[in-house]
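The structure appears right after this line, and notes come after that.
The values are calculated or read from the model by the stated rules, or taken from the named source; none is laboratory data. Keep in mind that this is a model prediction, so the values were computed, not measured. A quick note on method: Cβ atoms are made from the backbone with ideal geometry, for glycine too, and the neighbour counts reach across all protein chains shown. We work out accessible area using only protein heavy atoms, side chains counted, and drop any ligands, DNA or RNA first. Shrake-Rupley method; radii C 1.70, N 1.55, O 1.52, S 1.80 Å.
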Amino acid sequence: MANSLRQRWRTSDSESFALILAVSAFVVSGLIAVLCFWGRELPISGHQSVGEFASIAAAIAAALSFAGSRLAVRLRLRSRAGRATRVRFQWFDLVALSLAHGVIALFGSIGLAAVMQQSFLGATLYADPAAAIVAAMTALSAYCAYLSGTAMSPRHLSLVLAVFLAVGMITAMLSSSDPLWWQMNLSALGITHDISSLTFNLTLIVSGVIITTIARLATEGLPFFTSSQVRRRRMVWALFVLLGAMLSCVGLFPVDRFFLIHNTVATGMMVAFAVLTVALPWLVPSMPRVFLVLGFVFVAVIIGLVVLFVVGIYNLTAVELVASMLIFTWIILFLRNVESTGENIAGATGYKRYREE
């Protein structure tokens, strides 16, 4: 009963701080927008538009709000259990996840503005409604990012990764200046000279960084009792870090300028995923059997797609798109299953698992 009351109090406290932060972001961004927009009519999307201003403001607000939320959690934990008995977020994780939340707000606002521009062709906005839209987008981003920081866990991180990937890829496709990019390959989105290239490459880079963060948080969520289990857990961590590093390199080295490096790291990412999937039953035998079998199915589907590409049935875009979707789906499911596995083992063995509460 006491624990339930404390949990309700913490939830209410987080909501209150999030609301205060959202109101502050609304007022500050609204005032700045009024000063910048005064006496002007602005387009909804594009250069020097409401969408451009709102996306930058929302990104800054989301990144700072998430960072502030995580720092508040760290300060709260210092007054509770010792450092050796809790899952810790390192500074690298803080920067990476803050950047991810900022980019989600940035790309989401850009994509929304692009859709609205197509819905209201030729429409412009006066200063007052434009400032109100910017303030509302900024406040919403600050509110959601703060609450996301207070609820961070491997399972929640899977949601962040899914939203980030969806927003980033859809925004890149919508903003591409070449409507026939899909006739080449998925990486063609990263070689155009517009916002699509920046969006696509930045999505891959930040996604790789998120996966390296996932590597530590997910493996720390698994209880361990023997030195052999510790070594296996480190191997899972190393494979995830390798997967994330190669994904970031795919975005860092566009295919038009670094053809050999780009294709090497892209192929290496798929190999790292296959090794991780095939070795997982030995590395983490406590994982659900259904999930382990699903991983083998995913690998088989990817191999089948490659064969169909070689014989000329599928184009490269279809192979890359489906393979990337399967890989990221597996990672998201891994995060959700690893948390449940840790909780089940903890309940069955009496192992106390410390989490941020």
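When you go through 242, 280, 276 one by one, which is the residue that is open to solvent by 50 Å² or more (accessible area, probe 1.4 Å), aliphatic (A, V, I, L, M) and modelled with pLDDT of 85 or more? Walk me through how you get there before you give the answer.
Numbers: 280 fails: open to solvent by 50 Å² or more (accessible area, probe 1.4 Å); 276 fails: open to solvent by 50 Å² or more (accessible area, probe 1.4 Å).
When all the criteria are applied, what remains is 242.
Just give me the residues in region 12-32 being of a type in the set (S, T, N, Q) and surrounded by fewer than 21 Cβ atoms within 10 Å (Cβ to Cβ), in sequence order.
Of the residues in region 12-32, the ones of a type in the set (S, T, N, Q) are 12, 14, 16, 24, 29.
Selection gives 12, 14, 16, 24.
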List every residue pair whose Cβ atoms lie under 7 Å apart, where the two residues are 6 or more positions apart in sequence or sit on different chains, the first residue falls within region 166-183 and is crowded, with 16+ Cβ neighbours inside 10 Å, and the second residue, located anywhere, is assigned to a helix (DSSP H, G or I) and among the aromatic types (Phe, Trp, Tyr).
167/107; 168/107; 171/107; 172/200
Selection from region 253-267 of residues in a helix (DSSP H, G or I) and surrounded by 17 or more Cβ atoms within 10 Å (Cβ to Cβ) yields 262, 265, 266
Please count how many residues of region 33-58 are free of Cβ contacts under 8 Å to residues at least 60 places away in the same chain and either more than 23 Å from the chain's Cα centre (by Cα) or surrounded by fewer than 16 Cβ atoms within 10 Å (Cβ to Cβ) (or both).
4
From the set of residues in region 198-221 that are open to solvent by 20 Å² or more (accessible area, probe 1.4 Å) and modelled with pLDDT under 80, which is farthest from residue 317 (Cα to Cα)?
220
